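Structure first, then comments.
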Amino acid sequence: MTRINFDPFPTIFTERLVLRQLMTEDIASLFTIRSNEENNKYIDRALDKTEANTASFIKKINVGIEMNKWIFWGIEIKETKELIGTICLWNFSADGKTVEIGYELSPRFQGKGFMQESIKRVLDYALNKLSLLKIEAYTHKDNFPSIRLLERNKFVLKGSMIKGGQQDKSMLVFMLSMDRTI
């Protein structure tokens, strides 16, 4: 397996954003995102019920980063320092060549190009700094903004997700591959 190391944490800067490690100061902003029913409509997870749930999540994420299990960025607007979403690389394959990308953005910031700006830089990091060959993304079949984002970034639809040995036709699997044999 290729050794992945996220120390020091890889902060990424874009024109309008800073992709940085989550901090305890982010609890209130992240709670707003993770407790919003509209924002979680297509995500298979329980809503955060309290800020304590969000604090535990941030702690878990940062421990996983320290252990080099995943990399998870908070998306912050440079100008205002407001946390508006997250983007991550996780579920690394045993050989370190494939990873899953995940992302979420506060509904009031959707449709403004923030996630496009974020994903473009994270894909560059994944492919050029980590030398990954494949990046997978899973999205709900009705999450059209997410589907358009993936397609805009050269992800190709591979089919439906297999969950518990059964095909889940509500979840689509997209793949971005640098391996031309796929």
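The values are calculated or read from the model by the stated rules, or taken from the named source; none is laboratory data. Everything numeric in this text was worked out from a predicted model, so none of it was measured. Glycine also receives a Cβ, built like all others from the backbone with ideal geometry; neighbour counts cover every protein chain displayed.
Mind checking whether some residue in the stretch 37-46 is modelled with pLDDT of 95 or more, buried (at least 17 other Cβ atoms within 10 Å of the Cβ) and of a type outside the set (A, V, I, L, M)? Give the steps one after another, and end with the answer.
Of all residues in the stretch 37-46, those modelled with pLDDT of 95 or more come to none.
Among the residues of the stretch 37-46, not one is modelled with pLDDT of 95 or more, buried (at least 17 other Cβ atoms within 10 Å of the Cβ) and of a type outside the set (A, V, I, L, M), which makes the answer no.
Of everything in the stretch 122-142 that's in contact (Cβ under 8 Å) with a residue 60 or more places away in the chain and surrounded by fewer than 18 Cβ atoms within 10 Å (Cβ to Cβ), which residue is nearest to Ser177 (Cα to Cα)?
Going through the stretch 122-142, the residues in contact (Cβ under 8 Å) with a residue 60 or more places away in the chain turn out to be 122, 125, 129-131, 139-140, 142.
With surrounded by fewer than 18 Cβ atoms within 10 Å (Cβ to Cβ) added as a condition, the list becomes 125, 129, 131, 140, 142.
Details: Tyr125: 14, Lys129: 15, Ser131: 11, His140: 20, Asp142: 24 Å.
Checked the stretch 122-142; the qualifying residue nearest to Ser177 (Cα to Cα) is Ser131.
Starting from the stretch 69-83, keep only residues that are more than 10 Å from Leu17 (Cα to Cα), then list their pairs with residues that are surrounded by 14 or more Cβ atoms within 10 Å (Cβ to Cβ) and of a type in the set (Gly, Ala, Ser) whose Cβ atoms are within a distance under 7 Å, requiring at least 6 positions of separation or different chains.
As it stands, the answer is Trp70/Gly64, since those pairs meet every condition given.
Select from the stretch 72-114 the residues that are of a type in the set (A, V, I, L, M), buried (at least 20 other Cβ atoms within 10 Å of the Cβ) and either modelled with pLDDT under 95 or over 9 Å from the mean Cα position of the chain (by Cα) (or both) and list them in ascending order. Talk me through it step by step, then tell me what you get.
If we filter the stretch 72-114 for residues that are of a type in the set (A, V, I, L, M), which is where we start, we get 75, 77, 83-84, 87, 89, 94, 99, 101, 105.
Next cut, buried (at least 20 other Cβ atoms within 10 Å of the Cβ) only: 75, 83-84, 87, 89, 99, 101, 105.
Within the stretch 72-114, Ile75, Leu83, Ile84, Val99, Leu105 meet the criteria.
Which ones in the stretch 9-36 are part of a loop (DSSP other than H, G, I, E, B) and either modelled with pLDDT of 95 or more or among the acidic types (Asp, Glu) (or both)?
Narrowing the stretch 9-36 to residues part of a loop (DSSP other than H, G, I, E, B): 9-11, 14-16, 21-23, 35-36.
Passing the criteria: Phe9, Pro10, Thr11, Thr14, Glu15, Arg16, Gln21, Leu22, Met23, Ser35.
Out of the residues in the stretch 22-36 meeting the condition of being farther than 27 Å from Val173 by Cα and of a type outside the set (A, V, I, L, M, F, W, C), tell me which one is surrounded by the fewest Cβ atoms within 10 Å (Cβ to Cβ).
Thr24
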